[in-house]
1. So which helices (runs of 4 or more DSSP H) are wholly in segment 1-110 and hold at least 1 residues that are exposed (fewer than 13 other Cβ atoms within 10 Å of the Cβ) and either at pLDDT below 95 or at positive phi (or both)?
2. Return the pair list, or none, for Cβ contacts closer than 8 Å from residues in segment 1-18 that are under 21 Å from residue 64 (Cβ atoms) to residues that are surrounded by 10 or more Cβ atoms within 10 Å (Cβ to Cβ) and modelled with pLDDT of 90 or more, at least 6 apart or on different chains.
3. Taking the condition over 20 Å from the mean Cα position of the chain (by Cα), more than 20 Å from residue 17 (Cα to Cα) and not in a helix (DSSP H, G or I), does residue 118 pass?
């Protein structure tokens, strides 16, 4: 393996992160990551809980990135081939659905981790 090629790919990946961070939905996910991280620190969640939270973070944000990629490809196809928006609607909706599924399950994980800790404050 050519290690130089590996390191040369990093600027492209960082550029990709910069591009996706400008997307509205990714900004919402970033805010959620900050809020959950602060809550995790305040409630002193366990190592296993941190692992679950980080898996959720990576899943949702990775799928949001893939969704953004697919939307970009669909826009290029639509514009370059003169296709209608409806011709790429299913692909867009499926990718957005994948993000939604991961977000819903991530919220469920957060509820399982944080609700008992919040309730303990009032009991």
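The values are calculated or read from the model by the stated rules, or taken from the named source; none is laboratory data. Bear in mind the structure is a predicted one, so any value in this text is a computation, not a measurement. Glycine gets a Cβ as well: all are built from the backbone with ideal geometry, and neighbour counts include every protein chain shown.
1. Helices (runs of 4 or more DSSP H) meeting the threshold: 3-21, 47-81.
2. Cβ pairs passing all conditions: 16/65.
3. No: the conditions fail for residue 118.
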